[in-house]
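Engineer: Structure provided below as structure tokens; questions to follow.
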Amino acid sequence: MLLGVNVAGLSLKHPVMNASGILGSSPEHVDILVSYNVSAVVTKTITLQPREGYETPIIIELPSGGVLNAVGLANPGAEAVKSLVSRAKALKAPLIASIGGRNEGEFIDVAIAVDEAGVDAIELNLSCPHTKGYGIEIGVDPHNVYSVTKNVASITTKPILAKLGLSDSIVKSCEKALSAGAKALTLINTVKAMFIDVYAAKPVLSNIFGGLSGPPIHPIAVRVVYEVYRELKPEIVGCGGVSMWSDAAELILAGAKAIQVGTALMKGGEVVTHILKGLEEWLKIMNLKSIEEAVGLAQV
Ligand SMILES: Cc1cc2nc3c(=O)[nH]c(=O)nc-3n(C[C@H](O)[C@H](O)[C@H](O)COP(=O)(O)O)c2cc1C
């Protein structure tokens, strides 16, 4: 099994999953993601109650490349996870529930709900850069990261992945997440950014700020994965601007064991096929027997 990986205790047929927020909020989305051949389905970030999200415009394709979004964590709420789990089980696909909360109490309540629903793992979204109270405010403070992770770990035996975003305290936050019981880290989320319409002389997003994703953030993701792997040697799911196989290979060489694809997957599942084919050929050329042999090889 050249491409098989084991991450956060999940045995996956290959390293490529969808990133949270790209499909993953209805049973039909689970069907589509499985048809794209992802190795695990990651849900949209789930909060306790359903959320409508922000008014449009919420997603913009930027002229300079990349995508800016401020969806506002629109999601069907914790109750809906049961239907996602049963569809994923029927299709024999591992399901990772991404969860979010305004405070520790909400994280715990959602974690209990998704745990009972039978998900395979839980990804803590500690890094949403544009929904006030949910995410990056928690993720930039290593003490909060520790506390949320520890509390969630106390109510579930499911593997926990902590998803963190760009901040000056990223290494410390990662260390705290791991010491509190996270089995792996997902790095990185979108990067807080904005876009101004120069004729309207106004920000374009209704929320003013959004999260930048796609190719412009790829080198940032590679840097963060490299630095966190160098310091802590954890299991990492690399995410950020992967649109071709060599982007995935870079993240693996920096220290990631698995990969999530977000923005590029919005155009369809061909990118997964391209990445898998490219990685397989690359491993052979590099004379490597598995993805795991390539993890962190670029560390100097
Ligand atoms: C439209 C959209 C919605 C997203 N929603 C979520 C979300 O609900 N939870 C989350 O953790 N990340 C969310 N993200 C961030 C992605 O999971 C990913 O971390 C980020 O986009 C970087 O990967 P990419 O460059 O491959 O898109 C979203 C991204 C986009 C573009």
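The values are calculated or read from the model by the stated rules, or taken from the named source; none is laboratory data. Source: prediction; values computed, not measured. Note that we place each Cβ from the backbone using ideal geometry, even for glycine, and neighbour counts take in every protein chain shown.
Engineer: Testing R51 on (1) under 20 Å from the mean Cα position of the chain (by Cα); (2) surrounded by fewer than 19 Cβ atoms within 10 Å (Cβ to Cβ), one condition comes back false. Which one is that?
Structural biologist: The failed condition is (2).
Engineer: Out of G9, G65, G21, G53, which single residue is touching a Lys or Arg at 6+ places or on another chain (Cβ under 7 Å) and farther than 16 Å from V119 by Cα?
Structural biologist: Exactly one of G9, G65, G21, G53 is touching a Lys or Arg at 6+ places or on another chain (Cβ under 7 Å) and farther than 16 Å from V119 by Cα, namely G21.
Engineer: Taking segment 40-83 as the search range and keeping residues that are within 13 Å of S98 (Cβ to Cβ) and not aliphatic (A, V, I, L, M), which one is farthest from the ligand (Cβ to nearest atom)?
Structural biologist: Among those residues, the one meeting the criterion is P76.
Engineer: When you scan segment 72-98, how many residues do you find that are under 22 Å from V16 (Cβ atoms) and of a type outside the set (K, R)? Don't jump to the end; show me each part of the working.
Structural biologist: Kept after step one, since they are under 22 Å from V16 (Cβ atoms), are these residues of segment 72-98: 84-85, 87-98.
Filter once more, so that each one left must be of a type outside the set (K, R): 84-85, 88, 90-91, 93-98.
Number satisfying all stated conditions: 11.
Engineer: Listed residues I259, I275, I291; which is within 24 Å of A8 (Cα to Cα), in contact with a Pro (Cβ under 8 Å, 6 or more places away or on another chain), within 13 Å of the ligand (Cβ to nearest atom) and at pLDDT 95 or above?
Structural biologist: None of the others qualify; the one that does is I259.
Engineer: Hey, another quick one. Can you name the condition, by its number, that P159 falls short on among (1) within 16 Å of the ligand (Cβ to nearest atom); (2) more than 17 Å from L232 (Cα to Cα); (3) crowded, with 20+ Cβ neighbours inside 10 Å?
Structural biologist: The one condition P159 does not meet is (1).
Engineer: Still on this model: Only residues that are at pLDDT 95 or above, surrounded by 15 or more Cβ atoms within 10 Å (Cβ to Cβ) and over 16 Å from the mean Cα position of the chain (by Cα): list them for segment 92-106, please.
Structural biologist: Answer for segment 92-106, where residues must be at pLDDT 95 or above, surrounded by 15 or more Cβ atoms within 10 Å (Cβ to Cβ) and over 16 Å from the mean Cα position of the chain (by Cα): just A93.
So that you can scan it fast, the table gives a plain yes or no per residue for (1) more than 23 Å from I58 (Cα to Cα); (2) crowded, with 23+ Cβ neighbours inside 10 Å; (3) among the hydroxyl-bearing types (S, T, Y); (4) within 12 Å of the ligand (Cβ to nearest atom):
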residue	(1), (2), (3), (4)
A200	no, no, no, no
P203	no, no, no, no
F209	no, no, no, no
P215	no, no, no, yes
K233	yes, no, no, no
I236	yes, yes, no, no
G241	no, yes, no, yes
M244	yes, no, no, yes
A248	yes, yes, no, yes
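Engineer: Given the criteria in a loop (DSSP other than H, G, I, E, B) and of a type in the set (A, V, I, L, M, F, W, C), does I22 qualify? Talk me through it step by step, then tell me what you get.
Structural biologist: Working: in a loop (DSSP other than H, G, I, E, B): yes; of a type in the set (A, V, I, L, M, F, W, C): yes.
Answer is yes for this residue.
Engineer: Spot the failing condition for V30; the list is (1) in contact with a Lys or Arg (Cβ under 9 Å, 6 or more places away or on another chain); (2) within 14 Å of the ligand (Cβ to nearest atom), and only one is missed.
Structural biologist: Among (1) in contact with a Lys or Arg (Cβ under 9 Å, 6 or more places away or on another chain); (2) within 14 Å of the ligand (Cβ to nearest atom), the lone unmet condition for V30 is (2).
Engineer: Working only within segment 149-176, note down all residues that are farther than 16 Å from V228 by Cα and either at pLDDT below 95 or out of contact with any helix residue (DSSP H, G or I) (no Cβ under 7 Å at 6 or more places or on another chain) (or both).
Structural biologist: Residues satisfying the conditions are K150, A153, S154, T157, P159.
Engineer: Across segment 25-36, what is the number of residues that are within 18 Å of S86 (Cα to Cα) and assigned to a loop (DSSP other than H, G, I, E, B)?
Structural biologist: Count: 2.
Engineer: Identify the single condition in (1) away from the ligand (no atom under 11 Å from the Cβ); (2) over 14 Å from the mean Cα position of the chain (by Cα); (3) of a type in the set (A, V, I, L, M, F, W, C) that I220 does not satisfy, given that it satisfies every other one.
Structural biologist: (1)
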